[in-house]
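Inspection log for the structure reproduced underneath, given as C-alpha cells.
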Amino acid sequence: MTTPAISRDIVTPTMRTVITSSDTIPPASTDLGMQDTSWDSESRPQSSNGPLVKGFRYCHPWSHSGRLWSVGGGTCQSQVLTGTHLKRVWPGTSFWNGGNHLTPPLPLVPSQNLINTAEVKALNKLKSQDLHLGNFLAEGRRTINMVAGTALTIARGINRFRHSSPSGWINVTRYQRGNLPPSKWNCIPNAWLQLQYGWLPLLSDVYGAINHLDRRSRFEIPYVTVRSGADSTDIIVKTVSGATFASVAHLEFEQLQQARVTLVYGLIDAQLAELSSLGLINPVEIVWELLPYSFVVDWLVPIGTWLSALTADAGFQFVTGTKSLRSSLKFKGIRDVSYSAPNTVTSISAPTYSGHAKSYTRTCYAGSPVPGLYVKSPLSVKHMLNALALLAQSIGRR
C-alpha cells in the first residue's frame with residue numbers, strides 16, 4: 001500500500017513586546033514586531049514498492065525528513081530607580097535577536113566513516129556464512145556419493161546379467177525400447193525385469209536427494225542476506241547572541257546518527273565461498289596478521305577487518321542492497337550564558353527548545369560495495385577497554 005507525498009513547511013510567528021511597568025505611571029508596552037517561535041515541516045515523496053523477484057524485495061530509494069520545534073524562555077529583566085520603580089522585561093525571542101537567529105540546527109547526514117563501518121561489518125558477515133555453506137556442501141557430497149553408488153550398483157548388475165545370460169541380453173537390446181507393442185512384452189526376459197524392479201528404490205532415493213538439493217539451492221542457499229549497522233552520538237552546539245549587554249548563550253543539541261546496510265547475494269560457487277570464509281583467498285589478509293604489532297594499528301584503524309572484507313563476496317553474485325542513513329536531533333540543555341550587563345539587570349536566561357528533528361534517506365547499491373577504511377571512536381567504552389587490555393599485554397611481555 002502506497003502513501004501520498006507530503007510537503008509542509010510552517011513557521012508560526014508570535015507578537016513579542018518589551019513590557020515596561022512603573023509604580024507611578026500606567027504600564028506601557030513597546031511592540032517589537034513578528035518573531036519566529038515555532039517550526040513545523042515534513043517532506044517525503046509518494047511511496048512505492050520495489051519489484052518482488054524470487055521472494056526478495058528489491059531496493060527502492062526513499063527519503064523522509066521533518067522537524068517540530070518551539071522555543072520559549074530566554075528573558076532579560078532590568079530595573080531602574082529614578083524616583084520611581086521602573087522595570088523592563090524582554091521576552092526571549094526579542095532579546096536573543098529572534099527570527100532566523102534562533103532557528104534550530106538541522107541533523108547532519110551520517111559521516112562516511114560510519115557508512116564504511118557498517119559496510120565492512122556486513123561484508124564480513126557474508127564471509128562468515130560457513131555454517132550454511134558447510135551444510136550445503138555436505139548435502140551436495142552425500143548426493144554425489146549416492147548418485148555414484150547407485151550408478152555403480154546398476155552397472156555391476158547389468159554386467160552380471162550380460163555374462164550370465166548372453167541370449168537374454170540380446171533380447172533386452174532388441175525389444176526393450178520406446179513404443180514396444182504389447183504383443184512383444186513377453187520377449188523381455190523376466191530376470192531382467194526383476195533386476196530393474198530392484199533398481200527403482202535406488203533411483204527414487206537419488207531423485208529425491210537431487211530435488212531436495214535443488215530446492216535448497218533455489219530458496220535457501222543461493223540467496224544470503226546480511227545486515228549490519230553503526231551508530232554515533234555527538235553534541236551540536238548552537239551559539240546565540242543577545243540584543244544588548246554583549247550576551248552570548250551556548251545551547252547543546254544531542255544528535256544520533258545511524259547507518260544501516262542490507263546486502264543480498266546469490267551463491268554461485270560454494271567451494272570458493274568456503275575457501276574465502278577460511279581466509280584462504282586473500283593472502284594479504286594473512287600476511288597482515290603475521291606482521292609484528294599489527295594489532296596496535298588495528299586498534300585505531302581496523303586494517304585486518306578491512307582486508308578481510310575486500311574478498312568477502314568471493315563465490316557470490318550481488319543481487320540487491322540498501323543503505324539507510326538516519327539522523328535525529330533533540331535539545332539537550334544550556335551549556336553556559338555570559339553577558340556584560342550593568343547592575344540594573346536582574347536576570348538573563350537563555351532560550352530553550354522543545355521538539356525534535358529527523359532525517360532518513362534510503363539509497364540503493366548498484367553493485368557490491370567496495371569497503372572503505374574507518375576509524376574507531378576513541379571515546380567509546382569498548383575502545384577504552386581494548387586499550388587497557390593492550391597495555392596490560394604489553395607490560396606483561398618479557
Exercise for the section: Go through (1) modelled with pLDDT under 70; (2) in a strand (DSSP E or B) and name the single condition Gln317 misses. Expected result: (1)
Practice task
Within the stretch 33-80, count every residue that is among the aromatic types (Phe, Trp, Tyr) and at pLDDT below 80.
Solution key: 1
Exercise for the section: Would you point out which residue out of Ser368, Ser359, Ser328 is assigned by TED's automatic domain parsing to the domain that holds Val237, among the hydroxyl-bearing types (Ser, Thr, Tyr) and touching a Leu at 6+ places or on another chain (Cβ under 6 Å)? Expected result: Ser328
Problem - the stretch 94-139: number of residues that are part of a helix (DSSP H, G or I) and modelled with pLDDT under 65 - result: 11
Handout entry: Residue list for the stretch 242-258, restricted to those being in a loop (DSSP other than H, G, I, E, B) and either under 10 Å from Ser328 (Cβ atoms) or small (Gly, Ala, Ser) (or both)
Key = Gly242, Ala243, Ala246, Ser247
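Please enumerate the residues belonging to the stretch 342-368 that are in contact with a Phe, Trp or Tyr (Cβ under 6 Å, 6 or more places away or on another chain) and closer than 30 Å to Tyr265 by Cβ. Outline the logic, then answer.
Just the residues of the stretch 342-368 that are in contact with a Phe, Trp or Tyr (Cβ under 6 Å, 6 or more places away or on another chain), to begin with: 348, 351, 353, 355, 362, 367-368.
Correct list: Arg362, Gly367, Ser368.
The values are calculated or read from the model by the stated rules, or taken from the named source; none is laboratory data. Here the structure is a predicted model, which means the values were calculated and not measured. Cβ coordinates were reconstructed from backbone atoms using ideal geometry, including for glycine residues, and neighbour counts include every protein chain displayed.
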